[in-house]
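Derivation of every value follows stated rules applied to the coordinates shown; laboratory data play no part. Everything numeric here is computed off the predicted structure, so don't read it as measured data. Methodologically, a virtual Cβ is constructed for each residue, glycine included, from the backbone with ideal geometry; neighbour enumeration extends over all protein chains shown.
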Amino acid sequence: MKPKDFKEKMNNNFFITSIDISHSQKEITYQDNIITLGSCFSENIGQKLIENCFSVEMNPFGVLYNPFSISKSLEMLLEKKQFTQNDIFQYRSLWHSFSHSSYFSDISSEKCLMKIQTRLDAASEFLRHANFLLITFGTAWIYEERKSGRIVANCHKLPSSAFLRRRLTVEEIVANYDDLIKKLQSLFPQLYIIFSISPIRYWKDGAYENNVSKSILFLAIDALQKKFENVTYFSAYEILMDELRDYRFYDEDMIHPSAFAIKYIWKKFSDTYFSEITQKIVQRVEQLLNDFKHKPMHPESEEYKEFLLHIQHRKEQLLSDFPFLAERLQKSLLL
């Protein structure tokens, strides 16, 4: 390779395998309602959407990993399920739900049920008006409670002997979501579904088993994309595995993406789904929030007082241009 060619490749990110993602024909705007469900990656994107003042219902059951638990949560939202004492159980000092993450667990059964029902009712109503549904699959492995045969979303640290662990097949996932997507299409024709696969590897299963599990998820989503026009796939997994394949982009455990990687994937997501006007509003919101969170060395200085007046003026201008952002901006400022 000639020195000139090498320099040109260096300047064009020679050490990155760029993932080419076409801009979506279906664009996200600030008028849209977005619901996210699934693994912790759905929380990464959901949190970024909330921070940037979008209308979002994020993981109303907590983090969910397998496709069946995610589809079951959607079914419960559709039927507006009412949780009772029979739907929760006590283990050690806490009350839990097999349909929820430990975020909803509590020492009081009443408080546990209240947290569950409050979020479920709000999310059920939100789903009726949602324009986008973001679903992130984490693993094809499921845990079935031996006593009841039901698939649990979270084992809540019960003994492993209480569960049968098995891996879903592509056919099971596709059949399950075929019925669900048809139902969602019938009830909410405006709803657009974006699938993704969590880039977080399940290393305790070993590299081979992790890859087999992820492959099943890929094949299932590919089949669903081909069956439904309102279903698409976002390449979060490929961005981290290929475009950001260096361990610089991972957290200390070398498994989860770093804060930089999350920001990078968020930028890719924005470029893929946001309209031009949406991107411009995001830029204004991000800059304003960054300025508000700035910690001055000399808060009593005249320069800082002028700075505060300036960003207050920009805030007023933003809300004058987009009044619907007022409540969301206040929420973002409190994060």
Placing +1 on each Lys and Arg Cβ and -1 on each Asp and Glu Cβ in the chain, then taking the dipole about the Cα centre, the residue among Phe137, Ser215, Gln279 whose Cα reaches farthest towards the positive end is Ser215
Projected onto the charge dipole of region 276-335 (unit charges on the beta-carbon of Lys, Arg, Asp and Glu, signs +1, +1, -1, -1), the Cα from Met297, Ser320, Leu333 with the largest positive-side position is that of Leu333
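Arrange the peptides 270-276, 55-61, 236-242 so that the one whose residues have, on average, the most other Cβ atoms within 10 Å appears first. Could the numbers behind the result be given before it?
Working: 270-276: 16.1, 55-61: 22.9, 236-242: 20.7.
Packing order, densest peptide first, comes out as 55-61, 236-242, 270-276.
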Pairwise centroid distance, computed over Cα atoms, of region 55-104 with region 253-324, Å = 33
Would you mind checking the tilt of helix 67-79 against the longest principal axis of the Cα atoms of the chain, expressed as 0 to 90 degrees and rounded to 10?
-> 90
Glu302-Lys280 FRET efficiency (beta carbon distance; Förster radius 35 Å; 0.05 resolution) = 0.65
Residues with amide H under 5 Å of Asp251's amide H, sequence separation 5 or more or different chain, H placed in the peptide plane at 1.01 Å from N; which?
-> His256, Ser258
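Using a ≥ b ≥ c from the Cα gyration tensor of region 124-231 (square roots of the eigenvalues), is it rounded, prolate or oblate, where a/c under 1.5 gives rounded and otherwise the larger of a/b and b/c decides, a/b for prolate? List each step's numbers first, then the result.
Numbers: a/c = 2.11, a/b = 1.54, b/c = 1.37.
Here region 124-231 falls in the prolate category.
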A student applying the Cα gyration tensor rule (rounded when a/c is under 1.5; otherwise prolate if a/b is larger than b/c, oblate if not) would label region 170-294 oblate
Sequence-distant lysines (8 or more away, or on other chains) whose Cα lies within less than 23 Å of Lys295 | Lys48, Lys263, Lys305, Lys315, Lys331
Kirkwood Rh, angstrom, region 276-335 [1 / mean 1/r, Cα pairs] = 12.4
Taking the chain as a Gaussian network, where each spring joins two C-alpha atoms under 10 Å apart, which residue of Phe137, Phe269, Phe292 fluctuates the most?
-> Phe292
Only Lys, Arg, Asp and Glu count, each charged at its Cβ (+1, +1, -1, -1), so figure out the dipole size of the chain about its Cα centre, rounded to 20 debye.
-> 640
Among Gln117, Ile88, Thr29, which residue has its Cα positioned farthest towards the positive end of the charge dipole of region 7-159, with +1 placed on the Cβ of Lys and Arg, -1 on the Cβ of Asp and Glu, and the dipole taken about the Cα centre?
-> Ile88
Other-chain or far-sequence residues with amide H under 5 Å of Gly38's (modelled H) = Leu64, Thr136
Which value, in debye to the nearest 20, gives the size of the charge dipole of region 153-211 about its Cα centre, when Lys and Arg are +1 and Asp and Glu are -1 at the Cβ?
-> 260
Please give the calculated 222 nm ellipticity per residue for the chain, where each DSSP H segment of at least 4 residues contributes -39500 (n - 2.57) and the sum is spread over every residue; nearest 500 deg cm²/dmol?
-> -15000 deg cm²/dmol
Percent RCO, i.e. relative contact order, over the chain, from Cα pairs under 8 Å lying at least 6 residues apart | 20
Subtract the Cα-Cα distance of Lys226 and Met254 from 0.36 nm times their separation in residues, and report this length gain in nm to one decimal.
-> 6.7 nm
Rounded to the nearest 10 degrees, the helix 259-273 long axis (Cα) sits at an angle to the longest Cα principal axis of the chain of 90
With charges set only on the Cβ (+1 for Lys and Arg, -1 for Asp and Glu), what does the dipole of region 215-335 come to about its Cα centre, in debye to the nearest 20?
-> 280
What number, in percent, do you get for the relative contact order of region 130-219 if the mean sequence gap of Cα pairs under 8 Å and at least 6 apart is divided by its residue count?
-> 45
Work out from phi, with θ = phi - 60° and the Karplus expression 6.51 cos²θ - 1.76 cosθ + 1.60, the ³J(HN,Hα) of each residue of region 234-239, listed in order in whole Hz, and give x for Gly and Pro.
-> 10, 7, 4, 4, 5, 4
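For region 199-259, what class follows from the C-alpha gyration tensor (a ≥ b ≥ c being the square roots of its eigenvalues): rounded when a/c is under 1.5, otherwise prolate if a/b is larger than b/c, else oblate?
Numbers: a/c = 3.20, a/b = 1.63, b/c = 1.96.
Taking the square roots of the gyration eigenvalues as a ≥ b ≥ c, region 199-259 is oblate.
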Gaussian network model of the chain, springs between alpha carbon atoms under 10 Å - residue of Leu49, Leu94, Leu77 with greatest fluctuation | Leu94
